[in-house]
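Okay, structure first, notes after.
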Amino acid sequence: MRNILISTFFVASMSAVPAFASDFGDQNIVNSQADQNMQLCMGSDIDAATSKTIRACTKAYKASIPNYDVKSDILTRRGWLQLSAKNYDRASRDFKSAAKLNSVNEIAYLGEGFAAMLQADYATAIAYFNDCMTHNEAAPLAYYGLGMTKELTGDKSGAFEAYSKAAKLRPDWQAPQEELSRIRA
């Protein structure tokens, strides 16, 4: 299941945060260290989250322009990296902060759902996933997360239904198809 989680985090994070080339203000001279931190944070491989990439996100957050959307995106990215590094409490804090900064950052709410699921707080995870199902970008991931959570609680039919909806919304995504095949077997 860990490999599935990592691939889910990767898909979610890639769709979550645009790569900012240089969002550190209206200065004519870009702070190259700040730019490098932003590039490392936003361009890092979720599957191989390291303390270096997480620190880069922290430094990019501190150096970023006072724009709530940019700060929210950085915290969302750092949250996914924290999840990958198994720092679930820190990930949850990052996602909560990101959602406070930008109330329409559905990927931050999705992240809160995955963090809750990984902390075995299934009721909270289900609530977050249900909240994200009406948003086009987040809906397939929300259904997939709901399927995983339902499966962890022993609700195989609920998991099957959620995976089916995820597969219908994103037919090109193999993860829900694989889960459906596994449950049918």
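Between a residue in the stretch 88-100 that is within 14 Å of A116 (Cβ to Cβ) and any residue that is of a type in the set (S, T, Y) and surrounded by 18 or more Cβ atoms within 10 Å (Cβ to Cβ), which pairs come within a Cβ distance under 8 Å, given they are 6 or more apart or on different chains?
From the stretch 88-100, the pairs are D94/T76; F95/T76; F95/Y109; A99/S72; A99/Y109.
Take D69 and decide whether it is assigned to a helix (DSSP H, G or I) and either modelled with pLDDT under 95 or surrounded by fewer than 24 Cβ atoms within 10 Å (Cβ to Cβ) (or both).
yes
Go through the stretch 85-105 and give me each residue that's open to solvent by 30 Å² or more (accessible area, probe 1.4 Å) and either in contact with a Lys or Arg (Cβ under 7 Å, 6 or more places away or on another chain) or part of a helix (DSSP H, G or I) (or both).
Scanning the stretch 85-105 gives Y88, D89, R90, R93, K96, S97, K100, L101.
With respect to G158, is the statement that it is farther than 28 Å from M38 by Cα, at pLDDT 95 or above and either in contact with an Asp or Glu (Cβ under 7 Å, 6 or more places away or on another chain) or outside any helix (DSSP H, G or I) (or both) true? Break it down into steps so the answer makes sense when it comes.
Values: farther than 28 Å from M38 by Cα: yes; at pLDDT 95 or above: yes; either in contact with an Asp or Glu (Cβ under 7 Å, 6 or more places away or on another chain) or outside any helix (DSSP H, G or I) (or both): no.
So G158 fails the test.
Within the group Q39, Q82, Q27, Q33, which residue is surrounded by 14 or more Cβ atoms within 10 Å (Cβ to Cβ) and modelled with pLDDT under 90? Spell out the reasoning first.
Numbers: Q82 fails: modelled with pLDDT under 90; Q27 fails: surrounded by 14 or more Cβ atoms within 10 Å (Cβ to Cβ); Q33 fails: surrounded by 14 or more Cβ atoms within 10 Å (Cβ to Cβ).
It is Q39.
With respect to D172, is the statement that it is in contact with a Phe, Trp or Tyr (Cβ under 8 Å, 6 or more places away or on another chain), acidic (D, E) and open to solvent by 50 Å² or more (accessible area, probe 1.4 Å) true? Full working, then the answer.
On the way: in contact with a Phe, Trp or Tyr (Cβ under 8 Å, 6 or more places away or on another chain): no; acidic (D, E): yes; open to solvent by 50 Å² or more (accessible area, probe 1.4 Å): yes.
No.
When you look at D121, is it free of Cβ contacts under 8 Å to residues at least 40 places away in the same chain, out of contact with any strand residue (DSSP E or B) (no Cβ under 8 Å at 6 or more places or on another chain) and more than 25 Å from D172 (Cβ to Cβ), yes or no?
yes
The values are calculated or read from the model by the stated rules, or taken from the named source; none is laboratory data. Nothing here was measured: the structure is a model prediction, and the numbers come from that model. All Cβ positions, even for glycine, are placed from backbone atoms using ideal geometry, and neighbour counts span all protein chains on display. These area figures cover heavy atoms from the full protein model, side chains too; ligands, DNA and RNA do not enter into them. Shrake-Rupley method; radii C 1.70, N 1.55, O 1.52, S 1.80 Å.
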